[in-house]
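Bear in mind these aren't lab numbers, they're just calculated from the coordinates by the rules spelled out. Bear in mind the structure is a predicted one, so any value in this text is a computation, not a measurement. Here the Cβ is made from the backbone with ideal geometry for all residues, glycine too, and neighbour counts use every protein chain on show.
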Amino acid sequence: MEKQVVIIGGGVGGLFTAALLGMEGRKVTVLERSPHIGGGLQSFSRNGVTFDAGMHVVGGLQPGGSLNRICRYLGILDQLHYRQVDADCGDEVVCFEDGMTYRIPQGREPFTKYFQQLFPEEKENIQRYVDHLFALADQVDFFFLRPGSGSAPSSDEAFYQPSAQFIARYVHNPKLRSLLAYLSPLAGGDAGYTPAYVFALINYLYINAHSRFEGPAEQLADALVSKIRELGGEVLSDTEVTAIHLEDGRVRSLTAADGRMFTPECVVSSIHPQSLLNIVDGQIFTKASRNRLATAQNNYSAFCVYAVLKEGTFPYLNHPCYCWDSYDMVWQFGKYDQENWPQNFVYFTPCERNQGPYARALQVIVFSPFSMCEQWADTTVGKRGADYEAWKSKHTDLILNKIEKSRPGFRNCVKQVYAATPLTVRDYYDQPEGSLYGLLKDSRSPFSGYLPIRTKAENLFMTGQNVYLHGCCGVPLTAVMTAEAVIGETDGIVRKM
């Protein structure tokens, strides 16, 4: 008999969990409140150019990588089109303070040698730092899809140490400390909060090898949806769950906004926990847990600029570019100084199928707090007012000025410009405060930014970026752990990969 599972949320976590459960013979229905499936994998078109909502690089797709293994197991790998970034420059870092540009190569050994050549007096320290960084990542079995408990270990005293302190244990040069932390925004980085192991896992992914989708990132969502349906499941958009009903410690039914009722044997929530609080009966969380989740700090959001470029005017860049006003800005992603904004950002040219030497677009992400636009928090899309549009236009222009500083002549290449603010992220992806990475991971309170897979209701489970790790590799890994919890087997799915 087919065991029915309803998954609330059709983002990365929900889709991967649904596909994995479908492979295990479960009849899965995915319910997504938005008209569009895919969450952060969504793409959109402007002036004939396709932009991704948030994706620009992805780790773990190389042969042997965790995401590669999951996609191969699901039978969708051959549907994905991607390429690796440049081996000799996987990432570019520019600091306006001294005009320096750093072209950081791919691979653990090239990465290590690159910084040793720049800072020979720190040669041994750099080696020890990289060795311990990789050792921290190696402690997390689920990250490598190894049979294990799936829980994060804590035997190493540095495991939950703030990332900036971890770097400072080994490296003395302040400039080098900043350079080694350039990937902090992808880790949801905050100098005093981000645990070293989260920072280590992100660095492991992007130092070893990272890739770019050729064409829109939503190709991954499309492949997952096709697999779910091939396995007999359903994926329903425009279906918002408004209530989860419990009885005797179990979920008995779900109510959707259009009045439909669902009565699955099992439910998996892939939505933000603060959104879940609004639809679930009080008994599922203790009063203390409710208060903790309701007041938990979310990670930062982003202000994004999407520029359509004139044909044949700007080169295609096969790597992201990180820019700072000064070296001490590396841990200031998510901070907002109105007078000097933006002081740090990342830009990249989207990769198309059959990509030529010139780019058709450029995308900029300025990791920013929701507070920068909080005065319009009670407004809705298209009804924010003239003052908001003027504010957005001003901030867009400030970003374009910084790109011009990094790439002189850039403005002459621009055909059309669009922008999205933290309000856009909040409203389109149903993320409280437009948070990109969900709850803030806090080294001072290691478990405050995480949810357990299992809940007090025996048939309600959690998945997504607030369980274990965020990102396009971290969330699918979490999906594996959730799927195993649902089927009641430990390592059952992992052993098949």
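Does anyone have the angle between helix 108-118 and the longest principal axis of the chain? Alpha-carbon axes, 0 to 90°, nearest 10? Once rounded, the angle reads 30 degrees. In loop segments of region 235-328 as defined by DSSP, the GluC sites (Glu not before Pro) with at most 12 further C-beta atoms inside 10 Å of their C-beta are 311. Dividing the helix sum by the residues of the chain, where each DSSP H run of 4 or more adds -39500 (n - 2.57), gives a mean residue ellipticity at 222 nm of -9000 deg cm²/dmol.
Bridgeable lysines around residue 394 (alpha carbons under 26 Å apart, same-chain partners fewer than 8 residues away excluded): 310, 335, 383, 402, 405, 415. Here the chain is assigned +1 on the Cβ of each Lys and Arg and -1 on the Cβ of each Asp and Glu. Its dipole about the Cα centre then comes out at about 260 debye.
Near residue 234, the amide H atoms lying under 5 Å from its own belong to 28, 29, 30; only residues 5 or more places off or on other chains count, and H is placed 1.01 Å from N.
Of all beta bridges that DSSP places with both ends in the chain, some 70 percent have antiparallel geometry.
Reducing region 16-56 and region 183-213 to their Cα centroids gives an inter-centroid distance of 23 Å. Relative to the longest principal axis of the Cα atoms of the chain, the long axis of helix 196-208 lies at roughly 70 degrees.
May I ask for the distance between the Cα centers of region 441-497 and region 310-346, given as a whole number of Å? Each part reduced to its Cα centre gives a spacing of 33 Å. Taking Cα centre as origin and charging only the Cβ of basic (Lys, Arg, +1) and acidic (Asp, Glu, -1) residues, the dipole magnitude of region 107-208 rounds to 220 debye.
Could you list 275, 211 so that the one with the fewest beta carbons within 10 Å of its beta carbon is first and the one with the most is last? Present the calculation step by step, with values, prior to reporting the outcome.
Numbers: 275 17, 211 20.
Starting with the residue having the fewest Cβ neighbours, the order is 275, 211.
Region 390-432 and region 258-272 have Cα centres lying 37 Å from one another.
Loop sites here are trypsin sites (Lys or Arg not before Pro) outside DSSP states H, G, I, E and B with no more than 14 other Cβ atoms within 10 Å. The longest part of the chain free of them is 1-168. Whole-Hz Karplus values for region 384-393 come out as 8, x, 5, 5, 5, 4, 5, 4, 5, 5 Hz, taken residue by residue from phi with 6.51 cos²θ - 1.76 cosθ + 1.60 and θ = phi - 60°; glycine and proline positions read x.
Of the residues 344, 204, 119, the one whose Cα sits farthest towards the positive end of the charge dipole of the chain is 204 (charges of +1 on Lys and Arg Cβ, -1 on Asp and Glu Cβ, taken about the Cα centre). Computed about the Cα centre, the dipole magnitude for region 394-497 is approximately 560 debye when only Lys and Arg (+1) and Asp and Glu (-1) carry charge, each at its Cβ.
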